[in-house]
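One structure below.
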Number of protein chains: 4
Amino acid sequence: MARKPTTYWDYIKVEELLALQTGIAERESELGNDEVLFIVVHQIDELWFKLILRELVSVRDLFAQAHVPEQALASAVRGIRRMDLLLRKVAEHFAVMETLTTRDYLAFRDKLSPASGFQSAQMREIEILLGLPDAERIPLGHEHTYMQALRTADGSESPASRRVTARLKDKPTLHDAVHAWLFRTPIQGSTPGQPGDAERVRAFVDAYCRSQEVAVQGAMELARIEALTPEDAKRLEGRFASEVAAARAFLLAEDAPEAERARVARIRAALVFIESYRELPLLAWPREVVDGLVALEQAFVVFRQRHARMVERVIGRRTGTGGSAGVEYLDQTALRYRVFRDVWAVRTLLVRQAVLPPVENAAFYGFVGEP
Amino acid sequence: MARKPTTYWDYIKVEELLALQTGIAERESELGNDEVLFIVVHQIDELWFKLILRELVSVRDLFAQAHVPEQALASAVRGIRRMDLLLRKVAEHFAVMETLTTRDYLAFRDKLSPASGFQSAQMREIEILLGLPDAERIPLGHEHTYMQALRTADGSESPASRRVTARLKDKPTLHDAVHAWLFRTPIQGSTPGQPGDAERVRAFVDAYCRSQEVAVQGAMELARIEALTPEDAKRLEGRFASEVAAARAFLLAEDAPEAERARVARIRAALVFIESYRELPLLAWPREVVDGLVALEQAFVVFRQRHARMVERVIGRRTGTGGSAGVEYLDQTALRYRVFRDVWAVRTLLVRQAVLPPVENAAFYGFVGEP
Amino acid sequence: MARKPTTYWDYIKVEELLALQTGIAERESELGNDEVLFIVVHQIDELWFKLILRELVSVRDLFAQAHVPEQALASAVRGIRRMDLLLRKVAEHFAVMETLTTRDYLAFRDKLSPASGFQSAQMREIEILLGLPDAERIPLGHEHTYMQALRTADGSESPASRRVTARLKDKPTLHDAVHAWLFRTPIQGSTPGQPGDAERVRAFVDAYCRSQEVAVQGAMELARIEALTPEDAKRLEGRFASEVAAARAFLLAEDAPEAERARVARIRAALVFIESYRELPLLAWPREVVDGLVALEQAFVVFRQRHARMVERVIGRRTGTGGSAGVEYLDQTALRYRVFRDVWAVRTLLVRQAVLPPVENAAFYGFVGEP
Amino acid sequence: MARKPTTYWDYIKVEELLALQTGIAERESELGNDEVLFIVVHQIDELWFKLILRELVSVRDLFAQAHVPEQALASAVRGIRRMDLLLRKVAEHFAVMETLTTRDYLAFRDKLSPASGFQSAQMREIEILLGLPDAERIPLGHEHTYMQALRTADGSESPASRRVTARLKDKPTLHDAVHAWLFRTPIQGSTPGQPGDAERVRAFVDAYCRSQEVAVQGAMELARIEALTPEDAKRLEGRFASEVAAARAFLLAEDAPEAERARVARIRAALVFIESYRELPLLAWPREVVDGLVALEQAFVVFRQRHARMVERVIGRRTGTGGSAGVEYLDQTALRYRVFRDVWAVRTLLVRQAVLPPVENAAFYGFVGEP
């Protein structure tokens, strides 16, 4: 208790913080309000990103355990929801940036070129830690890879490139950790490694596919009523038939390399199982985890699309300061970057409760104290 | 003053309103909370749309006058901002819809098929009155045109198709009314019909194009510094050169049919003029009009993208109840539907104040009382 | 499947809905945009209120059961969160109302007098069903009780008074149902009715009070450092001492009538127990319930304060149409109306984990499958 | 163009920024996610405050001119709206803070005591520069003045106290600058200093008071219809009569010291004039200024009330780390701190357009080019 009394300015480091808005000038007094605003909004984004990264590491660590205790899931859900909220806050700041008119932004834009938001190391770290594979990245619009864009102009290492290089080694990604945990989900009361697990999972998948076919048939009957012409009816039939075939192919993981197929198929079956039998007590928190991941990735897509809208509004569709294709690049990343692809894909083949196959071993998922 | 005292329930028509949530059932008691929520959110959207439509008509009427009094512009801006706010509120309601889980939505989804949000007449009316041309509409994914989707199943007229048919005749669109007003903007002090107007506008456009070229050159110099290879530098040069060429072609309206070219070019020059000399008193409200239209159309795009995200989250990428391609259709409309294309295009070629050509006849735009 | 294909306009009842905005006129064409906006915002509020009420009934029914199954809690939490979200949406609509200027609102204000938002039956029903006691209501500023304000001018029954009268009989309130459930919470592994329960609860309360005293002592030491004068130090000491005394008096329910004291004390002990040992698996959902109720009531207070701000902005501090004291009345209800007083009071006496008394019988709260 | 290419990390100062979250520890690794979040949210608030302060200085400087050019008003409005938006963003961050549970916040709360948000110099600077008089401040709950709370524990100057001391000398406040500008508003075409100005302003005020009396009479008639008893009717009459008397007393500035009375009365008359004849071209921007100030101060009140709600939710009603009365203090400042009191007061006595006295000299307020 002998320590010096804490002050707000020491604890928050207010003076140090408020000295960082000079851009490339010697003194802040050389900058106008617009440029200081531009700098501050980016700084605030970096601060939110920092919180997201810390939370991402914690949640990843939790799922990376060989055994994830059930009560830890509530804590994982809290972390996922916090990230979701933070990302939504970041997206709301674009409105502040939009108080810049095009002409006023152009007044200082040349000063910052060729710097660019693509050089934000933390945004790249978030994508990497979530699990976005390098191979799926969209080129920036010039010959640089995203890693080159993070280096200094002469190609040497920078604080940004060092951060990202370190993060690429920080394994597993949240995606991989969550998949490892999903793989172990009890399906119809059976867990991996247990004798007959493969057969029971397959039986569940087969039964589920039959349910899904019934559901799609129903939807098709209804759609057919509105079909104007035989051609239209035929085209709709084709679309529904391919939904059934696609569901089966997905659940059997026909797109996965053969060595991986059983594992991927079990993960997808687990997702369908959790979503379908949501009211089973033991699935209450896993279900919140899955819902949380959907909300989180949705928040990311909304953030990217809102980013594209802000850029389009402030500078139009010109070439970005970092030489990128600007708005189009941002809109493409929003539509194409997805980490939790299986979690999303499952939503397309869910069916209503009334047609679900019956749960086996329901007691396994119940509370012991409530028979 | 002899009238009966007004009551809240008569004025708001509370009882009539609260009796409308029965869906296709006889009694509301047959519906669960989820379905009532689904119905109510759509009803609220329709109510907001109604307000947007009323405001849209008022603002359109204002711009459709042969002479728009300057003081009327403040009132137009107020209407545009109100529409912007309303659209943003509608977009915020998707979060309420997302409290439905996929499985719970599927429990009543078949009941409403083949009805679909594409049958919302007011949404179509808003698009039409704003000025979205039929030719630019994206097909719904079946053989129906959007007008057929609004008719009853046997192809006869419906309340929805009647509304839309009437709106198609309600001319001019906001786009056309605004363009007619923009066309009359004084440019360098010159107005259409005045002797030498064409020459002065052309001189302004030429001077502006030179400014834009200078600005793009500067950006290119900076981008070149970061180019890693000669190939990369060359590609960047190509991109910048095409920005210069595109700006010139756009301002000379080379894309417009020859008979229209002079008119379109004058409108585009007016937009550049208003955006560039924002501080001139007489341009204060026109500038707010243009800013307001950008904000409004941006709010529309954000609404469409947020709509796509909600649908993807709740039902995934399956075929929509109306037989549409669902999420993909919505994402495509967001990226491709634009009404105020020229307003947006101008943002791409604006330049910073320092390189602008000088204003001629500045006094023309000033306050008489402030020499 | 032989039913008529559903249409959007039948299902949503679009035409009936869009015919309800005539206010006290024969035809909507007599109304300006401002008045239609005023009517629509109130209608939308009533629609949201309807959803809140339906959800409130469901959640109340759930807690009103003699035994609340653990897995039902997740569903209760979902309902509570949905109400929270809906209330926040309602609060966001005040921004739409604020697009009315004072002068423009006054143009039609006399038409609606003496109608008033205080005549919204559903708002009163929500308060009643949550559990706001009549005795705590603040007078409207005239001699009417809130029930009289809901009758017609001649004092006869109205649709509003009938709704509220029926709701007053709809028991129990959410408050009472939740308290009944909280009362049964196992504390240190002991449940009511079990031999020695009273003693174990009392022992927990005593131990907790000692922890709280230690925590307050620590805070006082730190605060004392900054005290400038002996008088200031003394006053701070007094304030901290009364925090300790108040905590004890609260936990022993000294404010409750003697016959109720044991029951109230057990409920408060349960709240402290749930908040303090949040990580115990069996408390995971009860904790979410308590957090949800806090969020819900906070959303209600925010809604009331935001309402006061809107009224102050649009009409200032004049007498309301219903003869009420306007802004002041609204601000007072925000500060004084509270339903879940015990849930809030507990927050004031929580302590950090490090000083908590140890949990007894922790195994009781664990998962059987995870020893 | 020979300068080193700018990088994102140099321009935004990312590494310096991300090194400031250590609190009172040597290394950030000693801190948990919750504490880092707590620090970051405060840092972000300080960054937003910085932008608000810069904007506040610019807008104040603009109004502090002896003559404010009409076209400068649009720029003032832009600054006011930007501050409003920024304050609303700050208020939205409380939701992030609320992801801290009470227990988890208490885990590190002692570390920061006796530091407190009351030590935020910038928040005090904003209040001072807006024009909150020291005499109206509510005591923090201990003997410290707000200035003492900004000093170090031993009473010596701190970075915070230095900032605030400097700001107290930075005159005029926005309130005073705006009042000086409002004083010069032409009323019925007459400006201060012009012969007969006092008489014409007084004639306007008298005419306006008669209009207001007519309007209040109308409202009273309507309210009387609902009065249940003669006592109630009498009480309502009393309330309306005092509204009329209060309006007159306010407009004649009877509350102001005699030497100030004429000046204050002219300012209040100007506010009524601007609000009442909003459609006059010359009043278009002054009206936006007044609307902007109302929105800004409302945003401040909403921010304070939301702040109180967050504190109540996270720590309840205990004594604050800085020794303050916590929630109650915050709620009181929200209700009692007002800077633009006259702007607010005017809203209470505005009347609908139909009963306004006629404008004299309307041409004075028109556009010269539009007779």
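We did not get these values from a lab; they are worked out from the coordinates using the rules stated. For clarity, every value in this text was computed on a predicted model and none was experimentally measured. As a convention, Cβ positions derive from the backbone with ideal geometry for all residues, glycine included, and neighbour counts pool all protein chains shown.
Say R0 is 45 Å: what FRET efficiency, to the nearest 0.05, do B:Ala362 and D:Arg202 get from their beta-carbon distance? Please report the intermediate quantities before stating the final value.
Numbers: r = 40 Å, r/R0 = 0.89.
Result of the calculation: an efficiency of 0.65.
Mind pulling the angle between the C-alpha long axis of helix A:174-183 and the longest principal axis of chain A? Nearest 10 degrees, somewhere in 0 to 90.
Approximately 10 degrees, to the nearest ten.
Å³ per residue of the Cα convex hull, for region C:181-255? Present the calculation step by step, with values, prior to reporting the outcome.
Numbers: hull volume 7.4 nm³, N = 75.
About 99 Å³ per residue, rounded to a whole number.
List, largest first, the extents of the alpha carbons of region D:57-199 along their principal axes, each in whole Å.
Result, largest extent first: 69, 34, 25 Å.
Let me have the relative contact order for chain A, percent, based on Cα pairs under 8 Å that are six or more residues apart.
Details: 370 pairs, mean separation 86.3, N = 371.
Result for chain A is 23 percent.
Around A:Asp170, what is the net charge, scoring Lys/Arg as +1 and Asp/Glu as -1 over all other residues with Cβ under 14 Å from its Cβ? Walk me through the intermediate numbers first.
Numbers: positive: A:Arg54, A:Arg60, A:Arg124, A:Arg162, A:Arg163, A:Arg167, A:Lys169, A:Lys171; negative: A:Asp61, A:Glu125, A:Glu127, A:Asp176.
Here the charged neighbours net out to +4.
Just the number, please: Stokes-Einstein D of region C:98-165 in µm²/s, Kirkwood Rh from C-alpha pairs, 25 °C, 0.890 mPa s.
Working: Rh = 13.6 Å.
Approximately 180 µm²/s, per Stokes-Einstein.
Quantify how strongly other chains surround peptide C:105-117 by giving the mean number of their Cβ atoms within 10 Å of each of its Cβ atoms. Mind dumping the intermediate values first?
Details: counts 2, 8, 3, 1, 5, 8, 4, 7, 10, 11, 10, 5, 2.
So the per-residue partner count for this stretch is 6.
Considering the Cα positions of region D:210-301, please state its Rg to one decimal place and its Dmax as a whole number of Å.
For region D:210-301, the Cα-based Rg and Dmax read 17.1, 49 Å.
So if I restrict to the alpha-carbon atoms in region D:1-118, what is the Rg, and what is Dmax, the biggest pairwise distance, in Å?
19.6, 57
Take peptide C:38-50, look around each residue's Cβ out to 10 angstrom, count Cβ atoms belonging to other protein chains, and average those counts. All intermediate terms of the calculation are to be shown ahead of the outcome.
Details: counts 2, 5, 8, 5, 6, 9, 10, 2, 8, 11, 5, 2, 8.
For this peptide, the per-residue mean of nearby foreign Cβ atoms is 6.
In 10 Å bins starting at zero, report the fraction of Cα pairs in the protein assembly as shown per bin as a rounded %.
That works out to 1, 7, 14, 20, 22, 19, 11, 4, 1, 0, 0, in percent per bin.
Once both labels are modelled 7 Å past Cα along the beta-carbon direction, what's the D:Asp255-D:Thr191 spacing in nm?
The answer from the label model is 3.0 nm.
Treating the angle as unsigned and between 0 and 90°, give the value, to the nearest 10°, between the Cα long axis of helix C:284-315 and the longest Cα principal axis of chain C.
With both axes taken from Cα atoms, the answer is about 40 degrees.
For chain D, take the longest principal axis of its alpha carbons; what is the angle in degrees between that and the long axis of helix D:159-168, to the nearest 10 within 0 to 90?
10
Going down the table (A:Lys50/B:Lys89; D:Lys50/D:Lys169; C:Lys234/D:Lys111; A:Lys111/B:Lys234; A:Lys89/D:Lys13), which pairs top 25 Å between alpha carbons?
The pairs that break the limit, which is 25 Å between Cα atoms, are A:Lys50/B:Lys89.
At 7 Å along Cα-to-Cβ for each site, give me the label-to-label distance between A:Ala166 and C:Asp170 in nm.
Simple spin-label model gives 5.8 nm for this pair.
Suppose every K and R has +1 on its Cβ and every D and E has -1 on its Cβ; what is the size of the dipole of region B:260-336 about the Cα centre, in Debye to the nearest 20?
Details: 13 positive and 9 negative charges, 52 e Å.
With only Lys, Arg, Asp and Glu charged at Cβ, the dipole is about 240 debye.
Just counting partner chain Cβ atoms within 10 Å, what average do the residues of peptide C:279-290 show around their Cβ? Walk me through the intermediate numbers first.
Working: counts 5, 1, 8, 3, 2, 8, 4, 0, 2, 4, 0, 0.
That works out to 3 on average.
Using square roots of five times the C-alpha gyration tensor eigenvalues, list the equivalent-ellipsoid semi-axes of chain B in whole Å, biggest first. Intermediate results must be reported in sequence, preceding the final value.
Numbers: eigenvalues 399, 156, 71 Å².
That gives 45, 28, 19 Å for the three semi-axes.
Which percent of Cα pairs goes in each bin when the distances of region A:213-371 are cut into 10 angstrom slices starting at zero?
With 10 Å bins starting at 0, P(r) equals 9, 24, 26, 24, 13, 3, 0.
Using a Förster distance of 51 angstrom, determine the FRET efficiency expected from the C-beta separation of C:Ala25 and C:Gln353, and round it to 0.05.
Taking R0 as 51 Å, the efficiency between C:Ala25 and C:Gln353 is 0.20.
Provide the FRET efficiency to the nearest 0.05 for the B:Glu279-B:Lys4 pair, computing r from the beta carbons and using R0 = 60 Å.
Numbers: r = 55 Å, r/R0 = 0.92.
It comes to 0.65.
Per-residue ellipticity at 222 nm for chain D, helices alone: DSSP H runs ≥ 4 residues times -39500 (n - 2.57), over residue total, nearest 500 deg cm²/dmol? Before the final figure, lay out each step's value.
On the way: 16 runs with 232 residues, N = 371.
Calculated mean residue ellipticity at 222 nm is -20500 deg cm²/dmol.
In percent, how large is the relative contact order of region D:25-86, given Cα pairs closer than 8 Å and 6 or more residues apart?
On the way: 20 pairs, mean separation 22.9, N = 62.
Result for region D:25-86 is 37 percent.
Label-point separation (nm) for C:Gln217 and A:Asp134, each offset 7 Å from Cα along Cα-to-Cβ?
5.9
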